[in-house]
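One structure is given below, encoded as structure tokens.
All of the numbers you see were taken from the coordinates with simple rules; none came from a lab. What you are looking at is a predicted structure, and each value in this text was computed from that prediction instead of being measured. With ideal geometry, Cβ positions are generated from the backbone for all residues, glycine too; neighbour counts draw on all protein chains shown.
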Amino acid sequence: MSQNKQQTTYDDNNIFAKMLNGDIPYHKVYEDDKTLAFMDIMPQAEGHVLVIPKQKAVDLADLEPDYAAAVLMTSKKVMQAQRQVFEREGIIQMQLNGSQAGQTVFHYHVHLIPSSIHDLGRHAVTQVESAKLADMAKQLAAAITA
Ligand code: AMP
């Protein structure tokens with residue numbers, strides 16, 4: 001048996017829930033009625049974005065079909081913007097289910113990382129300065145709406 005504690009019930013105070021409630025700041029890339037995309041503050045590569053549903057889902061097991069479709073379509077928009085802004089074809093789409101897999105925030109989210117699987121930086125370790133993230137968010141948002 002694993003020593004890792006598994007979180008199965010949704011915690012309304014998780015950090016992404018606080019973002020959705022407008023309680024903490026973030027660098028927005030895109031938003032619609034079912035999803036929100038923002039810069040990861042501890043990126044595994046430059047331009048790392050997270051896409052979350054506006055649904056209280058801990059992980060993939062909880063995700064409702066409408067929100068699953070919406071997250072995928074937002075991910076597609078973000079990925080295309082990353083290709084344009086960072087001038088690279090390779091974008092990793094990653095999603096962790098459960099602490100055993102390394103999940104640290106228990107509100108379902110998709111990682112979109114302009115990197116190769118062979119070059120990926122460490123997960124959620126090094127924080128990037130806010131001004132840099134704000135600039136990237138602005139460029140990505142502009143590429144999505146163009
Ligand atoms: P995971 O481990 O798959 O649950 O990923 C959680 C991600 O959230 C990590 O990549 C963290 O760097 C990122 N993260 C944690 N806190 C914040 C925050 N306040 N704003 C943006 N990203 C965050």
* **Max mean-square fluctuation residue, GNM over the chain, Cα-Cα springs under 10 Å, options Ser75, Ser130, Ser115** => Ser130
* Evaluate the relative contact order of the chain (contact order divided by residue number), counting alpha-carbon pairs under 8 angstrom at least 6 apart; express in whole percent. => 32
* Estimated inter-spin distance, Gln7 and Lys138, nm [label 7 Å along Cα→Cβ] -> 3.3
* To do: State the Kirkwood hydrodynamic radius of the chain in Å, one decimal place, computed from all pairs of distinct Cα atoms.
  => 15.5
* Asked: Most fluctuating residue of Pro53, Pro114, Pro65 in a GNM of the chain with Cα springs under 10 Å: which is it?
  -> Pro65
* Potential extension, Ala131-Asp23 segment - 0.36 nm per residue separation minus Cα distance -> 36.9 nm
